[in-house]
Amino acid sequence: MNTRINTRFAWPMLSAIVVAALILAACGGAATSAPSGGGGGGATKHVSILNKDMTDDEIKAEIKKEGSLVVANWTYTANDELVKQFKQYVKDTYGVDVEFTYEGSQAPSTYLTNLYAAQKAGNPSPYDVMAIEENYWAEAMANKAPDNYLPSDLIPNQKLILDQFQHVPTTIAFQSTAFPGIVYNKKNAPYLKSLKDLADPRLKGKLTLPLPGDITAGGFFLGVAAELGKDYKDPAQMKEVVDWVVTNISPNVLKYTTDSSEMQQLLRSGAVDAVSFWNSLARLEYFNGYKDTALLIPSAIYPANGYLWIPKGAAHPVLAQIFINWRLSPEVQFPNKWPIDHGPWSELSEGFLGPSFEGQIPDWFKADYYTYFPTLDQIKTKFKQVDWDAYNASSKDWQDYYA
């Protein structure tokens, strides 16, 4: 595991021994340590992105100097609460009030476009943290856009995360089970058992598919390719998959969209019986009272989990790391104490990132949790790892063809 224990001392060894002895004598032999977030200014933490060893007082001063944070992510129902919780965490831990801009989009490729434009122009990054799917990190790596920041003493929660969810030194996952699937009304469309069943004429005018270009569409086509026995790494075979979808499934499509609120409205009104979107939507709808909502799980699951990375040129790298560590904490991965309903909770929480999280399931969900989420063993063994470099090399070709 990529962790780092800092053993640097600012004083000469002899002075340190003498001072330590005096302190122990004054305290009756008891030693205490400052809380990890705040406290005194003696011990240091190594902040690799700055290549500096910083005391807690220096970290606080840097947070105050930075003053704000911009995170690029998605359109969670609980985004407002997430912003409130993080700002309060910084206030409670470091005694600093900060501004926090949390941008939400279901088309994360626009973030990369903005980032590349800024870096090409020599301007600071418009974002401090990218919290988007793994494939976008892989693309950004090809463009040398992410900065190195792991390991960092500001991110002790890294040690809680399985190695399979880390790409040290540039990124770490905050999700383990996110994948595009089919969210549908099981009462109206009980015949849906596989992605190929979306060609059933009973679904005519009752389906939405993703707009081309982003990973929502990409994940859908990965699933269809697996059912058709095609290789997603081969653009020619993926064009055959596109042809099959356009010929057999497109006649049933009412609308192409990646707008989650629009899909919710269409499902709830009965205007459609099925939408192609992320698996979290099924949980969100079920817990919002729409009990006929179900998830069609593809025969092959290709997760496209969210990963946290810091772009080169980020204006607020210390706050960026504070946010990353906070986002990886068990109490944020499982926001049981937040004043949010079960639906938004199930949208924010996206599976186990390691053994430390297994005991965080709230009492109200313990009986049904494994109906909606896989076990840690299934996460380790059943989910297929995507070759994102190969995917990125081929996807533009067949996504453009789909468009």
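The values are calculated or read from the model by the stated rules, or taken from the named source; none is laboratory data. What you see is a predicted model, and the numbers here were worked out from it, not measured in a lab. Every residue, glycine as well, gets a Cβ built from its backbone with ideal geometry; the counts of neighbours run over all protein chains shown. Ligands, DNA and RNA are excluded from the accessible area calculation, which covers all protein heavy atoms including side chains. Shrake-Rupley method; radii C 1.70, N 1.55, O 1.52, S 1.80 Å.
Assorted remarks:
- Dipole magnitude of the chain, debye to nearest 20 (Cβ charges: Lys/Arg +1, Asp/Glu -1, about Cα centre): 260 debye
- Rolling a 1.4 Å probe over the protein chains gives ARG268 an accessible area of about 100 Å².
- Checked against a 29 Å cut-off, the cross-linked pairs LYS186/LYS239; LYS230/LYS312; LYS91/LYS337; LYS255/LYS382; LYS291/LYS366 give Cα-Cα distances beyond that limit for LYS186/LYS239; LYS230/LYS312; LYS255/LYS382.
- Taking packing as the residue-averaged number of other Cβ atoms within 10 angstrom, the listed peptides 299-308, 381-390 run from highest to lowest as 299-308, 381-390.
- 222 nm mean residue ellipticity, helices alone, for the chain (DSSP H n ≥ 4; -39,500 (n - 2.57); rounded to 500): -11500 deg cm²/dmol
- From phi via Karplus (6.51, -1.76, 1.60), per-residue ³J(HN,Hα) for the stretch 163-180 in Hz, x at Gly/Pro: 4, 5, 10, 10, 10, 5, x, 10, 7, 8, 7, 10, 9, 10, 9, 8, 7, x
- Values of log10 I(q)/I(0), in the order q = 0.09, 0.16, 0.18, 0.20 Å⁻¹, for the stretch 262-391 under a Debye, Cα-only, solvent-free model: -0.34, -1.01, -1.19, -1.32
- Label zone of GLN360 (point 7 Å out along Cα→Cβ, amide N under 19 Å): in the stretch 122-152 this covers 130-134, 152.
- Using the Cβ-Cβ distance between SER261 and ALA43 with R0 set to 35 Å, the FRET efficiency works out to roughly 0.15.
- Carbon and sulfur %, accessible surface of the chain computed with the full protein complex present, 1.4 Å: 51 percent
- DSSP-defined beta bridges in the chain - what % are antiparallel, rounded to 5: 65 percent
- Considered as an equivalent ellipsoid built on the Cα gyration tensor, the stretch 189-273 has semi-axes of 23, 15, 10 Å, the largest given first.
- Dimensionless Rg/Rh of the chain - Kirkwood Rh, Rg from C-alpha atoms: 1.03
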